[in-house]
1. Give the residue, chosen from Arg183, Arg164, Arg158, Arg150, that is of a type in the set (Lys, Arg), at pLDDT 95 or above and assigned to a helix (DSSP H, G or I).
2. Does Ala20 satisfy being of a type outside the set (Asp, Glu), farther than 20 Å from Pro101 by Cβ, touching a strand residue (DSSP E or B) at 6+ places or on another chain (Cβ under 6 Å) and not in a loop (DSSP other than H, G, I, E, B)?
3. Regarding region 30-48, can at least one residue be identified that is at pLDDT below 95, in contact with a helix residue (DSSP H, G or I) (Cβ under 6 Å, 6 or more places away or on another chain) and under 18 Å from Ala92 (Cβ atoms)?
4. Among the listed residues Asp9, Asp61, which satisfies the condition of being of a type outside the set (Phe, Trp, Tyr) and under 21 Å from Val205 (Cα atoms)?
5. Within region 70-86, count every residue that is more than 16 Å from Lys232 (Cα to Cα), assigned to a loop (DSSP other than H, G, I, E, B) and in contact with a His (Cβ under 9 Å, 6 or more places away or on another chain).
6. Please find, within region 210-228, the residue that is farthest from the chain's Cα centre (by Cα) out of those that are crowded, with 21+ Cβ neighbours inside 10 Å and assigned to a strand (DSSP E or B).
7. Counting only residues that are modelled with pLDDT under 95 and acidic (Asp, Glu), which one in region 81-125 is nearest to Val49 (Cα to Cα)?
8. Which of the residues that make up region 57-74 are of a type in the set (Asp, Glu) and either over 12 Å from Trp91 (Cα atoms) or surrounded by 15 or more Cβ atoms within 10 Å (Cβ to Cβ) (or both)?
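The values are calculated or read from the model by the stated rules, or taken from the named source; none is laboratory data. This structure is a prediction, so every number in the text was calculated from the model and none was measured. Cβ coordinates were reconstructed from backbone atoms using ideal geometry, including for glycine residues, and neighbour counts include every protein chain displayed.
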Amino acid sequence: MPSAYFVSDIHIMSPECPRARAFVEFLRSLTRASASHLFLLGDIFDLWVADHRYFVDRYRDIVDEVRRLKDDGVEVHYFEGNHDLHLRYFWADQLGVSVHPGPIYSRLGETTARLEHGDQMDPDDKGYLFLRWFLRTAVIRFLIRHLPGRLIARIGDRASATSRHYTSTAKGIDAESAIGKIRTHAAKAHAEKPFDIIISGHVHVRDDWQADDGGFRSINLGSWFDRPNYFKLDEDEAGFHELAVNEDARTAQNLTEPAAAS
């Protein structure tokens, strides 16, 4: 069975922030011998738009590590979130990463997985769903690609802060309600098209739930603001691992014991 790694909602704000350094060290720990697939389930950066050199140069260490993994034969998938948009222009066209604007189904060994960022899981969130559609219209896509990168970053930093607050658990619902929405969405998705496991992000609450009938498992990865972690799926395990980040943010240690699920 393949060894697949899943991360989301890292929200890297600068190359120097602790989460950025932890992510680089995590990427450096992966090789073709240890990983067949890497799934980036959205909001890896607090802001990344299209193929502006501003973002490519700013996050060169991360880009180089992803390129190394691709060259080494690791299959890398990147899902658009609400902080990383129009990824195809760089990550697919220039780096060769598989980019996904919405959910996909992937066969990993004997396991059928539904994978998504998760920002479409709440059909009642009409305001966000409209904003999501608007940011992907042809007019906005044209403007985003042709405005200077630094201007995009300046505008985007404000929008990202607002979006991050809006989509966090401080959004207006408590963690229990957020988990309820995650599980309701998983059950509805499974009824529409069955799978063995669904893995998502977006909602900044970590959750590991086995459906009552035992038919599928639902994983929400949570946020690196709380506990930097990844989820690993292979023939030996399907569980969380935490990353310990030291105070000076220069190193990240991979803890081998799976973390307890929220």
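1. Arg183
2. Yes.
3. Checked region 30-48: at least one residue is at pLDDT below 95, in contact with a helix residue (DSSP H, G or I) (Cβ under 6 Å, 6 or more places away or on another chain) and under 18 Å from Ala92 (Cβ atoms).
4. Numbers: Asp61 fails: under 21 Å from Val205 (Cα atoms).
Result: Asp9 is the single residue among Asp9, Asp61 that is of a type outside the set (Phe, Trp, Tyr) and under 21 Å from Val205 (Cα atoms).
5. 4
6. Ser218
7. Asp84
8. Asp57, Asp61, Glu65, Asp71, Asp72
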